[in-house]
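Asker: Got a structure for you, questions after.
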Amino acid sequence: MTASRHLTGAQQVELSRSETGRPGRCCSAHLHSIRLCDARYRTRRVTHDEALVAGDPVALDRLYADDFEYIGPGAIVRNKQQPIASFASAAIDLLEGKSDEVSIRLYGGTAVLTGHFKGRVRAQGREYNFSERYSTVCVRDRGDWKIVLEHGTVIRDP
């Protein structure tokens, strides 16, 4: 099993298991590279948030892998083109939005992110605030990270 690297906002690194199944250890150079990856992922998340708010189809196309899927409210599965078209056409007008509480786990060339997204949207002539928990899976593709899967669950007001 590949070692898992869990990174939180406090730059904590936990290695769950090494290749041998014993608790993992890492050297300071390895910790530096993990922190660097953490910074790059957090920058990528900000870029994704900004692309969503801007409704920028070019940026979203660049961030999403060709086989990207989004699973959203109602468990509806959308392919890469569907959310890009929704944001670009302003059918969904994300007026503002930002991620927080982002946690990142690295598994070799795969990253799993979980986080919280809060925003304000205009849809069908109405504006409203929303909050969701999400999970995102990214893979390294020719040296760049691409989002291959995202799942969002809307948090209902109590």
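FYI, it's all coordinate maths here, none of it is from the lab. Because the structure is a prediction, the values reported are computed rather than measured. Ideal geometry is used to build each Cβ from the backbone, glycine not excepted, and the neighbour counts take in all protein chains shown.
Asker: Could you run through segment 89-117 and say how many residues are out of contact with any His (no Cβ under 9 Å at 6 or more places or on another chain) and surrounded by fewer than 16 Cβ atoms within 10 Å (Cβ to Cβ)?
Answerer: Summing the residues that are out of contact with any His (no Cβ under 9 Å at 6 or more places or on another chain) and surrounded by fewer than 16 Cβ atoms within 10 Å (Cβ to Cβ) in segment 89-117 gives 13.
Yes/no matrix, rows are residues, columns are (1) more than 14 Å from Phe68 (Cα to Cα); (2) in contact with a helix residue (DSSP H, G or I) (Cβ under 9 Å, 6 or more places away or on another chain); (3) free of Cβ contacts under 8 Å to residues at least 40 places away in the same chain:
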{"residue": "Lys80", "(1), (2), (3)": "no, yes, yes"}
{"residue": "Ile84", "(1), (2), (3)": "no, yes, yes"}
{"residue": "Gly97", "(1), (2), (3)": "yes, yes, no"}
{"residue": "Ile104", "(1), (2), (3)": "yes, yes, no"}
{"residue": "Asn129", "(1), (2), (3)": "yes, no, yes"}
{"residue": "Cys138", "(1), (2), (3)": "no, yes, no"}
{"residue": "Gly143", "(1), (2), (3)": "yes, no, yes"}
{"residue": "Ile155", "(1), (2), (3)": "yes, no, yes"}
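Asker: A follow-up question, please. Give the residue that is farthest from the chain's Cα centre (by Cα), with candidates limited to residues of segment 93-113 that are under 20 Å from Val154 (Cα atoms) and of a type in the set (A, V, I, L, M, F, W, C).
Answerer: Leu95
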